[in-house]
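Here is the structure we will look at.
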Amino acid sequence: MARLPVIIGFGGINSAGRSSSHQAYRRIVLDLLPSSIQQDVLLDLATLTNAAEYKNGLWHTESGEELDAASLIDSIGESLLARTLIRRIHPSLFDVDHVTRHKSAVLTPTGQDEKLSFTIKTRSLPSDRPTNWQVTEISDHLSRVTIDGNLEAFIKDSKALSVKSAGQLPTGFDPSKLYQSRNHPRGLQMTVYGASDAVQSSGIDWELIRSKVAPDQMAVYAANSIGQMDDLGFGGMLKSALIGKRTTSKHLPLGYAQMPADFVNAYILGSVGSVGTSIGACATYFFNLEKAVEGIKSGKLRVAMVGGSDAPITPEIIEGFRTMGALAEDTALLALDQINNQEEPDHTRSCRPFAQNCGFTIAESSQWTLLMDDALAMELGAEIYGAIPAVFSNADGHKKSISAPGIGNYLTMSKAMAYLQNVIGKEGLTERTFIQAHGTSTPQNRVTESHVLSKVATSFGATGMPVTALKAFLGHSQGTAGGDQLHLSLGVWKDGILPGITTSSELANDVYQEGLRFQLKHESYGKTHFDAALLNSKGFGGNNATAILLAPHKVMEMLSKRYSKEELDTYKVKNIKVKDTAEAYNQAAIHGQVLPVYKFGFNVLGGEDLAISDTDIHLPGYEMPVVFDVKNEFDDIC
């Protein structure tokens, strides 16, 4: 009997806001929600972006006003919305109009008999001086350099990027201010916030969970697809010497792509269980999710945290993707809309999946999913937001261009549909399942992915499977994109609204549509209409993955066949408290009354602290030991 991996907590941060309690999802479908829920979303954004602070029953704005909730929303509601989703890159990250660069030049003397001469601080002189330099000491601190011939130099300059839009975290949100960030790269700052949000969103104290599970029966699988490439990570290591700065001791270790997993183990969960980092471009999140799902189904794991944290909005990464022709440049967006009389397009519509488009929009995000086997979830009364019974991943085989799409996604989607059909039946698959497409907004993706989806859907008899693509609002957060797709899909079962691809006014003529129904507007289906979702990813290099997401009502229907009525009734009683605690956390977060979990130097253990025998290891702080229940799997040949 396989254990079912259920989602009992999720959280994070992306351009729509905080993921837990469906806040980011609700930002996207805001106009269709009741006014009370709209108010909570906007208040959450107000505290998240530091636009207002809640004190003594009132909201205090940046200008010093003291307002009640309704008045605050009336006053700054529109400006809060403008701080979210895809938009023009804000100077808080960098100035897209003046990105620093250096031009190489050769300086020559003005006259034939003249020599170049300049004064410089003595400590700034190069150690390896050119042979045509003559250096004369002027004072203790200054020297004069006279050059016989030409001087090769780099002249500081700046340029405007041709790509100016991104899915940036809400403007004003600064994760480094929420804990002792100690010069952590931005992606790791986001990790601390996002993973903490996921743990606290569960409504169950982490120490209680840890007391029920052996130390080696929990796992953290997380990564990003590029690494920390800003100035505090690999970016600083690679360019510091070239711009006259020094490499620090943190640049290299904190730049590694496995650091999100390491940070969660070391500073949030204190886990000594299984750890791993699978990287596969855009499919990275699902690759790590697959490891967790298989571990729980097999019984090897009982609890797993899956996550990713990507912060790729840097001039260098943007320029790298731009030169590949992968990003939506301003001039191309203006041409799409046939606009000739303005300098910039509507950046909020930069990403147009399956429409006439010109490239994807880069984004940043940190997303974390807390999974548990069904038995432990029932025991603890955990809120079950959904389940992941399987994830399928396949490569593309032989190909010409390494970044071009291939055949692997046909395999992942076909296997996922076949598996799902076995779980919820043919009608459940074709009539009550929606597809969360990769939907990058590139001309190549709209053709190749729509063909995959159409070909496979019609092969299983579907005539109108709904297809949506949340990158239209969030942008493409690289390795964390699967987490964005997963968490915002959960909101469909909370509020019953399937988000539409509203940035795309109509489908492109080359999009395959047979068997599909592309959602171009938000649509209310009801909270229990869909039994499942298929989450799809097509990554550079041939990294394809499709994850199956079961609806919470479908999960409970399945569990009713595994557990007795008495067991289910006991679960429901425990679940009341868990739901209340989770909502209390949500309200505390809305009012700015919670901080991330960050346990630096907390309960650090050494080898001398362990009690080791030939049957188990006891670790201080863990109620259950690591038991050496190791079977010889090769007893037939030993």
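Here are some notes:
- Heavy-atom SASA rank of Asp230, Asp128, Asp148 (probe 1.4 Å, accessible area, largest first): Asp128, Asp148, Asp230
- Charge dipole of the chain (Cα centre as origin; +1 on each Lys and Arg Cβ, -1 on each Asp and Glu Cβ, all else neutral): 780 debye, rounded to the nearest 20.
- Length available on full extension from Ser524 to Ala404: 0.36 nm per residue minus the Cα-Cα distance, which gives 39.6 nm.
- Computed about its Cα centre, the charge dipole of region 1-144 is approximately 800 debye, with only Lys, Arg, Asp and Glu carrying charge at their Cβ.
- Bins of 5 Å, starting at 0 and running to the largest distance - Cα pair percent for region 225-284: 4, 18, 21, 19, 17, 11, 6, 2, 0
- With DNA, RNA and ligands ignored, accessible area of Trp206 (1.4 Å probe; Å², nearest 10): 20
- Label-zone membership for region 331-371, site Asp31, 7 angstrom Cα→C-beta point, backbone N under 18 Å: 346-353
- Charge dipole (region 175-228, unit charges on Cβ, about Cα centre) - positive-most of Ala222, Leu178, Ser202: Leu178
- Sparse packing (at most 13 other Cβ atoms within 10 Å of the Cβ) combined with a DSSP loop state is found for the following trypsin sites (Lys or Arg not before Pro) in region 400-466: Lys400.
- For region 208-263 versus region 410-489, the spacing of their alpha-carbon centroids is 31 Å.
- Using a Förster distance of 22 Å, the FRET efficiency for Phe602-Ser211 (Cβ separation, nearest 0.05): 0.85
- Heavy atoms of Ile402: accessible area, 1.4 Å probe, square angstrom to 10: 120
- Once the Cα-Cα distance is subtracted from the 0.36 nm per residue extended length, the Leu336 to Ala418 segment shows a gain of 25.6 nm.
- Rounded percent of accessible protein surface that carbon and sulfur make up, the chain, 1.4 Å probe: 50
- With all protein chains in place and ligands, DNA and RNA left out, the 1.4 Å accessible area ranks Ser63, Ser414, Ser117, Ser350 as Ser63, Ser117, Ser414, Ser350, largest first.
- Solvent-accessible area of Lys55, all protein chains in place: 90 Å² (probe radius 1.4 Å, heavy atoms, ligands and nucleic acids excluded).
- Placing a label point 7 Å from the Cα of His102 along the Cα-to-Cβ direction, the residues of region 129-170 whose backbone N falls under 17 Å of that point are 129-130, 151-159.
- Ignoring the sites themselves, the chain has its longest run without GluC sites (Glu not before Pro) in a DSSP loop having at most 14 other Cβ atoms within 10 Å at 115-342.
- A 1.4 Å probe over all protein chains sorts Thr581, Thr546, Thr131 by accessible area into Thr131, Thr581, Thr546, starting with the largest.
- Percent antiparallel among DSSP beta bridges (both partners in the chain, rounded to 5): 75
- Computed from the C-beta positions of Arg129 and Met324, the FRET efficiency with R₀ = 30 Å rounds to 0.15.
- For Asn632 and Lys177, the difference between the fully extended length at 0.36 nm per residue and the C-alpha to C-alpha distance is 158.7 nm.
- Cβ-Cβ FRET estimate between Glu506 and Glu583, R0 fixed at 45 Å, reported to 0.05: 0.65
- For region 89-220, fraction of C-alpha pairs farther apart than 22 Å, in %: 67
- Ranked by the mean number of other Cβ atoms within 10 Å of their residues, highest first, the peptides 458-468, 98-108 fall in the order 458-468, 98-108.
- Set against the labelled values (i) 28.9, 95; (ii) 27.0, 101; (iii) 27.2, 91, Rg and Dmax of the Cα atoms in Å computed from this structure falls on (ii).
- Pairwise label distance in nanometres, Lys121 with Thr248, each label 7 Å out on the Cα-Cβ vector: 2.0
- Where labels lie 7 Å past Cα in the beta-carbon direction, separation of Asp616 and Asp113 in nm: 9.5
- For the chain: accessible area per residue (Å², 1.4 Å): 44
The values are calculated or read from the model by the stated rules, or taken from the named source; none is laboratory data. Since this is a predicted model, take the numbers as computed values, not measurements. For neighbour counting, all protein chains shown are included, and Cβ atoms are generated from backbone atoms with ideal geometry for every residue, glycine included. Keep in mind that these areas ignore ligands, DNA and RNA; they rest on the heavy atoms of the full protein, side chains included. Shrake-Rupley method; radii C 1.70, N 1.55, O 1.52, S 1.80 Å.
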